[in-house]
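Where a number appears in this text, it was derived from the coordinates with a stated rule and is not lab data. Everything numeric in this text was worked out from a predicted model, so none of it was measured. Reconstructed Cβ throughout: ideal geometry from the backbone, glycine too, with neighbour counts over all protein chains shown.
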Amino acid sequence: MLGALPAPGAAQYAEVTEVRDRLRAGRAQEAVEAAEELLSRDDLTAALRNAVLELLARAHLKNRDRGAARAVLEGLYARDPEHRLADPDATRTERREFARIREALPERVRVDLLHEPLGTLEARESPEIRVRLSGASNAVAEVWLEHRARGGASWTRVAMELEGDSATARIPLPEGEDGEVVLEYQVAARAPSGVDLVSIGVSSSKKSSS
C-alpha cells in the first residue's frame, strides 16, 4: 500500500499505485517507463512526486542499474533530505542504497520565498501575509506561518493556504491593544517529511489603530 501518503486526487493515487504494482510483479522496466511518464507532468503533489522518485529508484535497482538509481536518489534527497523508505517490500539492498545516498547529504534544491514585508497600516485590521514560491517549488508540501506580538512569550503557528506557487494567511491582531502593535512573523516552506527547505523571518511590521 501507499497508505502513508496524504490523500491526493484519486486518479493520481491510482497511477502511482499502478507503478508500484508493476514493480511488485517483477516488471521493473515497465515501472521505470510509467514512473518517468508520471514525473514529466506538473500536477503531482510534492509527496506523490517523491513517492514516484522512490519507486523509480527501486525499479532501476531491480534492473541492476545503480548509476541511474543513484541519480534519481540524489534528486529525491535534494528535494527532501529526511525522506524515509518505508515500503515493507523494499529489499535490504534497496534500503542500504537509500540510506547511503541520504547520509551523503546531496545539495538541496533551491526554493525561494518572495515576500514584501508589511508596512504601517492606517487602519486596525488583520493583515494578510502572502508569499510566492520560486525555484523548485514542486518540492514544497506545505507552508507554515508563525507570528507573535513583539515581546510575546510564545509563537502562534498556522498552516498557510497553498495554491499553486502562492501561500496566504492572515494574522489576527491582539485584542484590547491600543496604539501601535509591532508584529514579528516567520514563514517556512517544508518538504513532505516536514524538514524546512527555506524560511524567512520578519520583524517590526507595524500596525496603528484607526
Label selected from [x] 54, 21, 13; [y] 42, 27, 12; [z] 42, 16, 13, the criterion being semi-axes √(5λ) of the Cα gyration tensor in Å as computed here: [z]
Projected label distance in nm at LEU39 and VAL182, using a 7 Å step from Cα toward the beta-carbon: 4.9
Approximate spin-label separation GLU107-VAL158, in nm, with each point projected 7 Å along Cα-to-Cβ: 3.8
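Highest mean first, how do 145-155, 55-65 rank when packing is the count of other Cβ atoms within 10 Å averaged over residues? Walk me through the intermediate numbers first.
Values: 145-155: 13.2, 55-65: 21.7.
Most protected by this proxy first, the peptides run 55-65, 145-155.
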Net charge of neighbours whose Cβ lies under 10 Å from the Cβ of HIS83, counting Lys and Arg as +1 and Asp and Glu as -1: 0
Tilt relative to the chain, helix 46-62 - C-alpha long axis, 0 to 90 degrees, to 10: 20
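Between SER203 and GLU18, what FRET efficiency follows from the Cβ-Cβ distance if R0 is 45 Å, with the result rounded to 0.05? Each step should come with its number before you reach the end.
Working: r = 49 Å, r/R0 = 1.09.
For R0 = 45 Å, the calculated efficiency reads 0.40.
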Calculated from backbone phi, Karplus (6.51, -1.76, 1.60) coupling profile of the stretch 134-140 in Hz, x at Gly/Pro: 9, x, 7, 5, 6, 8, 8
Least to most buried among ASP165, ASP42 (fewest other Cβ within 10 Å first): ASP42, ASP165
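Using the 10 angstrom Cβ neighbour count as an exposure proxy, how do GLU36, GLU15 rank, fewest first?
On the way: GLU36 14, GLU15 19.
Neighbour counts put them in this order, fewest first: GLU36, GLU15.
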Helix 66-79 vs. the chain, principal-axis angle (Cα, 0 to 90°, nearest 10): 10
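Can you sort VAL19, VAL158 from fewest to most other Cβ atoms within 10 Å of each residue's own Cβ?
Numbers: VAL19 26, VAL158 14.
With the fewest neighbours first, VAL19, VAL158 line up as VAL158, VAL19.
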Rounded tilt (10° steps) of 10-24 against the dominant C-alpha axis of the chain: 30
Förster radius 35 Å - calculated FRET efficiency between ARG64 and VAL195, Cβ distance, rounded to 0.05: 0.65
Helix-only [θ]222 nm of the chain, DSSP H runs n ≥ 4, -39500 (n - 2.57) each, per residue, nearest 500: -10500 deg cm²/dmol
Relative contact order, percent, the chain [alpha-carbon distance under 8 Å, six or more residues apart]: 18
